[in-house]
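Right, one structure below, let's go through it.
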Amino acid sequence: MRQKNEAARRIFRILLLLAAFGPAFITARAMAAESNVLFSPPPEESIPQGGFGDLIRHGEKIFTRTAKYAGRYTGNRLSCESCHLDRGRKAYSAPLWGAYVLYPRYRKKNHKVNSLAERIQGCFRFSMNGSATPVDGRTIKSLIAYSFWMSRGAPVGVNLKGSRMVSLPKPEKAPDPLRGKKVYVARCALCHGLGGQGRVSRGEIAFPPVWGPGSYNKGAGFYKVAKLAGFIKMNMPLSKGTTLPDQMAWDVAAYIDSQPRPDKPAPK
Ligand code: HEC
Ligand code: HEC
């Protein structure tokens, strides 16, 4: 009899625990799961009319045709979209919807908490080999409006899936430019050119250069082999992302970053 009571009490206690903590447990699971779903940015058609919409649309133009709409701040003819694919929408290419909710954030690179404007300045100086765009100018304001609009509905303070470039696990063999060259010739040169120079069509870049004077400089994120390998793995060859084995992504990244490119600009 006593044993039966004991069992009943145990069951009762479990039920009590579930009632008290079950919902919290379930919510915590749901929140963790949330970051596992790819966020969908709002559709293009939902950009509002009026002044705010104009600012967003201008930001999108700068993003997709940077040389044309913000050429005085750039030192090469890449567009933001050359690396942040599909107008800044594509997961795993540091999309703009991921960026807005990540900032302000601390960066080891300059040992301070950076605003989104400062982070964008960084891409102008290094990836675009240009100058620091004024924080309060129309260029940065428009890009921030575009990023803000694109992140509409994104949860804040959660690490959104696909919101950054990917970090690949360390490769089995150390990344090797010589092996990478073979990958490059076979799978990349068709579009980016054997000499890494890319291809221009009607005065605009059709396929961006991956090294040489028209490429990102030695201060850029892609000058780190690991960062470049993660981008290549998820996004290249164009529209065939994730088909390249990890080792090949590391090797071809090592090859590209072993080629000549503009120096890192002196600190301001
Ligand atoms: C040559 C490639 C390249 C170009 C061109 C480029 N970026 Fe970037 N950008 C990067 C890399 C690499 C990162 C770092 C992403 C990471 O660490 O996951 C980055 C990060 C960012 C971030 C912060 C995102 C984050 O996850 O922290 C923003 C915002 C951004 N870029 C905006 C721009 C804008 C605006 C332009 C055009 C003016 C531009 N970028 C041009 C490569 C590029
Ligand atoms: C079918 C053509 C095509 C192939 C093949 C291709 N790419 Fe690209 N790549 C592009 C285009 C186009 C972009 C720019 C995306 C945009 O503007 O929308 C790009 C962007 C890039 C970028 C970032 C921008 C820059 O210039 O630094 C890198 C790095 C890159 N590709 C590396 C590679 C590597 C490595 C391979 C081979 C594994 C490869 N690509 C194969 C078309 C291609």
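Going by the structure shown, is P265 more than 14 Å from ligand 1 (Cβ to nearest atom) and within 16 Å of S127 (Cβ to Cβ)?
Working: more than 14 Å from ligand 1 (Cβ to nearest atom): yes; within 16 Å of S127 (Cβ to Cβ): yes.
It is true that P265 is more than 14 Å from ligand 1 (Cβ to nearest atom) and within 16 Å of S127 (Cβ to Cβ).
Looking at A206, is it assigned by TED's automatic domain parsing to the domain that holds D251 and either modelled with pLDDT under 95 or assigned to a strand (DSSP E or B) (or both)?
Against the criterion (assigned by TED's automatic domain parsing to the domain that holds D251 and either modelled with pLDDT under 95 or assigned to a strand (DSSP E or B) (or both)), A206 qualifies.
Given the residues P208, P213, P175, which is the only one that is within 8 Å of ligand 2 (Cβ to nearest atom) and either in contact (Cβ under 8 Å) with a residue 12 or more places away in the chain or over 30 Å from R65 (Cβ atoms) (or both)? Steps first, please.
Working: P213 fails: within 8 Å of ligand 2 (Cβ to nearest atom); P175 fails: within 8 Å of ligand 2 (Cβ to nearest atom).
From the options P208, P213, P175, the qualifying one is P208.
List pairs: first residue in the stretch 37-48 and within 12 Å of G153 (Cα to Cα), second residue part of a loop (DSSP other than H, G, I, E, B) and modelled with pLDDT under 95 anywhere in the structure, Cβ distance under 6 angstrom, at least six positions apart or on different chains.
Hits for this filter: F39/A154; F39/L160; P42/R152.
Consider the stretch 93-124. How many of its residues are more than 8 Å from ligand 1 (Cβ to nearest atom), under 11 Å from the mean Cα position of the chain (by Cα) and closer than 20 Å to Y216 by Cβ?
2
If G196 meets every condition in (1) surrounded by 16 or more Cβ atoms within 10 Å (Cβ to Cβ); (2) at pLDDT below 95 apart from one, which number is that one?
(2) is the only condition that G196 fails.
I'd like to know if the stretch 67-76 contains one or more residues that are in a helix (DSSP H, G or I), touching a residue at least 12 places away in the same chain (Cβ under 8 Å), closer than 25 Å to A226 by Cα and out of contact with any helix residue (DSSP H, G or I) (no Cβ under 7 Å at 6 or more places or on another chain).
No.
Can you tell me how many residues within the stretch 234-255 are under 14 Å from K90 (Cα atoms) and in contact (Cβ under 8 Å) with a residue 12 or more places away in the chain?
Step one: filter the stretch 234-255 for residues under 14 Å from K90 (Cα atoms), giving 234-236, 238-242.
Next cut, in contact (Cβ under 8 Å) with a residue 12 or more places away in the chain only: 234-236, 238, 241.
Qualifying residue count for the region: 5.
Answer yes or no: is there a residue in the stretch 237-245 that is part of a loop (DSSP other than H, G, I, E, B), more than 11 Å from ligand 1 (Cβ to nearest atom) and among the β-branched types (V, I, T).
The answer is yes; a qualifying residue exists.
The values are calculated or read from the model by the stated rules, or taken from the named source; none is laboratory data. Given the structure is predicted, the values throughout are model-derived calculations rather than measurements. Ideal geometry is used to build each Cβ from the backbone, glycine not excepted, and the neighbour counts take in all protein chains shown.
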